[in-house]
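A short write-up of the structure that comes next.
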Amino acid sequence: MKKLAFYGKGGIGKSTTVSNLAVAFAERGLKVMQIGCDPKADSTLALRGGAALTSVLDLVRAKQPFTLEDMVRIGYKGIICVEAGGPTPGSGCAGRGIITALDKLRDYGAYDTYQPDIVLYDVLGDVVCGGFSMPMRGGYADEVYILTSGENMAIHAAANIAMALENFKDRGYAKLGGFILNRRNVKNEDAKVQELSEDFHSRVIASLPHSEIVTDAEELGKTVLEAFPVSDMAEAYRKLAAAVLGEDALC
Amino acid sequence: MNTSYRIIPCYTGDVSGVCSALFELGGMVVIHDPSGCNSTYNTHDETRWYDHDSLIFISGLAEIDAVFGNDQKLIDDTVDAALNLHPKFITLVNSPIPYLNGTDFEAISRIIQQRTGIPTFYIPTNGMHDYVPGAGMALAEIAKRFVAEPEEKKADSVNLLGVTPLDFAADGSADALRDTVERAGFSVHTCWAMGDTLETLSHSGEASVNLAVSAIGLRTAQVLRERFGTPYVVGTPVGAFSETIFSAIRKAVETGENQFPLSERLHPTESGIFAIGEPVTMGSVLAALDLPGTVLCPLEDCEALLNPNTLSVVGEEEAESALKDANVVIADPLYRPIFPKGAKVIELPHEAFSGRCFRKTMKDLFNIDYDALRKEASL
C-alpha cells in the first residue's frame, strides 16, 4: 500500500489534481482511496457524480453509532472516497478534527478492509498546526508532494511545507517526494519552481499546463479524465501518475 | 446535562489509571500536563504514594509552549531525568491540552528512545476517560513489549491480571488474592501489577491460564492470548464463587478456550437487586452473595464484559433511573444520593470512585464473610 499526501497553498488546485491522479491510477487497475483532509469536505466532489457523502466528523458529531461503510462512498472507477470534514466554521479546531477523523478511519479498519493499493491524502493548504501535519506523520503518508505555481505566495507556502518536513526529519515522518508545478503562466515560472526544489534538495516531478479544460470538467462535476479522457490535459495527469509511481522523472 | 454528575463523583481518570498500573514496575511515567504538582494523579488516586518510591513525573507544560507546539522541553527534560534515574522504560501520557494540540507522542517517544536507549512508549490517554482504559492500555503495552516467548508452559500456573489498588485497595488484598488462588492448588505465576517486578512479568508467557480479575486485565489477557495462545478466564475468586472460577480455570486448561463464568449466571434482572461499579468484581460479589441481580456498569472499555446480568449506564441520571425500583443496592457509599428511598444497602467502598474517603472501612473482597454480609443486610 502506497500512501501519498498532497499539500500546497489554498486554491492551487490540489483537489482537482489529486482527483485526476486518482482516476489515472484507477485506469491502471489500481485500487485507490482518496481522503479529503479539509473541513470543507469537497476533495472528492468530482469523483462522486453528485452523490452525497457524509464526512467522518459529521458522523462523529451526530453521536450515533455508525459503520465504516457510512464513512465511505465508492466513486468513479471504484475510487474509495472519504471526507474528513471539520467543526462548524468559526469554532472548534479544524486540525484536531483532522486527527480525530484519521484516527476514526484507522480504528474502524478502513485500510485493512478496503486494502487500497494507493491512498491519497488531499490536505488543506499549509501545515498550520499539528493537525494538518497528521497525514505526514509516521503510519500515514510515505511521501509528500507539494503543489505550487510560480506565484510568489504559492512558492512561499510550498517552502513552508517543505520546511516543516525538514524540521520533522528526526520523527520518522513522510519524505518529500517532490514538487508539482501547476502552471499559472507567470513570468519565470519554471525557473522559480526549479530553484525552490533545489533549495530542498528535491525535484519537480511534473509540470501541469494551465488549461481551460480543467474548468470545463469542473463545470460538469467531473474529473478531466472522465469528462475529456482524450485530451492533452488528461494525458498530463496520466504522466503525473507515472512520475509519482517512479516511472518517469518529468512530464 | 443527562451525562453530567451533580450529586455523585465521577471515577478516577485514565491518566491515573496508567500511573496506578505501572507504579511498581520500575518505569518512568511522564504526564505531559501543566499541573505544578503530582497530587491529582498520585496523592489523590494512589494509595502507595507515601510508602513507596515511584518515578511519576509531570512535564509542567507552560502555556506558551502549548501555543507554539514546543515539544523540545518535554523531550529534553525527560531525557535528562531518564539518564539520571535509569528507569526500565519510559511511558509518555497525554492530557487534554496536548491532546487538543495534536502533539505527536509516537514521534516524541521514538526520539527519546533514540537519545536514551531506554524503551519508550506512549499510552493514548487524554484525561477525558475513566481509569479502566488507561490502566488496561498500560498493562497491555507491557504485555506486548516486555513478555518473552516462553520456553515451556508451566502446569497449573496462573497470571493474575488487572490487580491495582484502584479496584483492590484494602491493605493485603493482592496477597489475599494470591493466597486464595494458591490454596486452590494453582501456582500464581505473576500478578499484574502488584507485588511483582517487570522482570517477573516478562515470564508471563509460561503460565497455563490468565485470570482477569477486573476489567483492567482484559486487554492484557487478549494480548497474551494472541501472542502465546494462553486461554483466559474472567472473574474474581471471591467467597463461594471462587469454586466456579477455579473450575473455569481447569476447563480453560483442558479445552484451551476462554471462560466467562459470570455470563453463565443467568438470573432474572427483575429481582430489584443491583450492584454498581467495575463489572468483573461486582458481578463476582453478586455471585458470592448468591443473589440474582444486575450489575450496573458506569465504566468504559467494558463492552466485551457485558452479559445478560450487566447494564451499561452513562452518567448520573441514567444510573438513577436504572435504580428507581431497586430493593437492594451493593455499591460505594458515595452512590447513596441516587438510591431510591427504602432500598437496603451493602456498602463496598471503591477506591476508584470515592478515593480515600472510606479507607478505614475499605473491605478486602477476598476476606469477606459473604454469608454474614447477607444476614447483615437482612437478605
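Can you say whether B:A143 is more than 24 Å from B:C357 (Cβ to Cβ), loosely packed, with under 15 Cβ neighbours inside 10 Å, of a type in the set (A, V, I, L, M, F, W, C) and modelled with pLDDT of 95 or more, as far as the supplied structure shows?
Numbers: more than 24 Å from B:C357 (Cβ to Cβ): yes; loosely packed, with under 15 Cβ neighbours inside 10 Å: no; of a type in the set (A, V, I, L, M, F, W, C): yes; modelled with pLDDT of 95 or more: yes.
It is false that B:A143 is more than 24 Å from B:C357 (Cβ to Cβ), loosely packed, with under 15 Cβ neighbours inside 10 Å, of a type in the set (A, V, I, L, M, F, W, C) and modelled with pLDDT of 95 or more.
Results for (1) surrounded by 13 or more Cβ atoms within 10 Å (Cβ to Cβ); (2) at pLDDT 95 or above; (3) in contact with a Lys or Arg (Cβ under 9 Å, 6 or more places away or on another chain), shown as yes or no for each residue.
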| position | (1), (2), (3) |
| --- | --- |
| A:L124 | yes, no, yes |
| A:S133 | yes, no, no |
| A:Y140 | yes, no, yes |
| A:I146 | yes, yes, no |
| A:E166 | no, no, no |
| A:K169 | no, no, yes |
| A:A174 | yes, no, yes |
Restricted to segment B:326-353 and to residues being surrounded by fewer than 21 Cβ atoms within 10 Å (Cβ to Cβ) and small (G, A, S), the residue nearest to B:G172 (Cα to Cα) is B:A343
- Does B:R265 satisfy the condition of being more than 20 Å from the chain's Cα centre (by Cα), of a type outside the set (A, V, I, L, M) and modelled with pLDDT of 90 or more? no
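Quick grid of which residues meet (1) surrounded by 23 or more Cβ atoms within 10 Å (Cβ to Cβ); (2) modelled with pLDDT of 95 or more:
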{"residue": "B:A155", "(1), (2)": "no, no"}
{"residue": "B:G172", "(1), (2)": "no, no"}
{"residue": "B:G217", "(1), (2)": "yes, yes"}
{"residue": "B:F228", "(1), (2)": "no, yes"}
{"residue": "B:V233", "(1), (2)": "yes, yes"}
{"residue": "B:P237", "(1), (2)": "yes, yes"}
{"residue": "B:G256", "(1), (2)": "no, yes"}
task: Report whether or not B:R250 is over 27 Å from B:P349 (Cβ atoms) and surrounded by 16 or more Cβ atoms within 10 Å (Cβ to Cβ).
output: yes
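Just give me the residues in segment B:136-160 being among the charged types (D, E, K, R) and under 23 Å from the mean Cα position of the chain (by Cα), in sequence order.
As a first pass, look at segment B:136-160 and keep what is among the charged types (D, E, K, R): B:141, B:144-145, B:149, B:151-154, B:156.
Once the filter is applied, which keeps residues that are among the charged types (D, E, K, R) and under 23 Å from the mean Cα position of the chain (by Cα), segment B:136-160 yields B:E141, B:K144, B:R145.
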Picked from segment A:176-209 (must be free of Cβ contacts under 8 Å to residues at least 24 places away in the same chain and surrounded by 13 or more Cβ atoms within 10 Å (Cβ to Cβ)), the residue nearest to the chain's Cα centre (by Cα) is A:S197
Over segment B:194-218, the set of residues in contact (Cβ under 8 Å) with a residue 60 or more places away in the chain, touching a strand residue (DSSP E or B) at 6+ places or on another chain (Cβ under 9 Å) and not hydrophobic (A, V, I, L, M, F, W, C) is B:D196, B:S204, B:S214, B:G217
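Can you tell me which residue within segment B:78-113, out of those that are among the β-branched types (V, I, T) and without any contact (Cβ under 8 Å) to a residue 60 or more places away in the chain, is farthest from the other protein chains (Cβ to nearest Cβ)? Please lay out each step first, then the result.
From segment B:78-113, those among the β-branched types (V, I, T) are B:78-79, B:90-91, B:93, B:97, B:103, B:108, B:111-112; that's our starting set.
Filter once more, so that each one left must be without any contact (Cβ under 8 Å) to a residue 60 or more places away in the chain: B:78-79, B:108, B:111-112.
Values: B:T78: 15, B:V79: 13, B:I108: 8, B:I111: 6, B:I112: 11 Å.
Checked segment B:78-113; the qualifying residue farthest from the other protein chains (Cβ to nearest Cβ) is B:T78.
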Reported set for segment B:114-132 where residues are within 11 Å of chain A (Cβ to nearest Cβ), more than 21 Å from B:F23 (Cβ to Cβ) and either of a type outside the set (S, T, N, Q) or buried (at least 22 other Cβ atoms within 10 Å of the Cβ) (or both) is B:R115
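Could you check, for segment B:60-71, whether at least one of its residues is part of a loop (DSSP other than H, G, I, E, B), among the hydrophobic types (A, V, I, L, M, F, W, C) and buried (at least 21 other Cβ atoms within 10 Å of the Cβ)?
yes
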Checked against (1) touching a residue at least 12 places away in the same chain (Cβ under 8 Å); (2) part of a helix (DSSP H, G or I); (3) more than 15 Å from the chain's Cα centre (by Cα), B:V238 satisfies every condition except (2)
B:E243 vs (1) modelled with pLDDT of 90 or more; (2) of a type outside the set (K, R); (3) touching a His at 6+ places or on another chain (Cβ under 8 Å): all pass except (3)
Selection over segment B:320-336 where residues are touching a Phe, Trp or Tyr at 6+ places or on another chain (Cβ under 9 Å) and either part of a helix (DSSP H, G or I) or hydroxyl-bearing (S, T, Y) (or both) yields a count of 5
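The values are calculated or read from the model by the stated rules, or taken from the named source; none is laboratory data. Note that the structure is predicted; figures quoted are calculated from it, not measured. Every residue, glycine among them, receives a Cβ derived from its backbone with ideal geometry; neighbour counts consider all protein chains shown.
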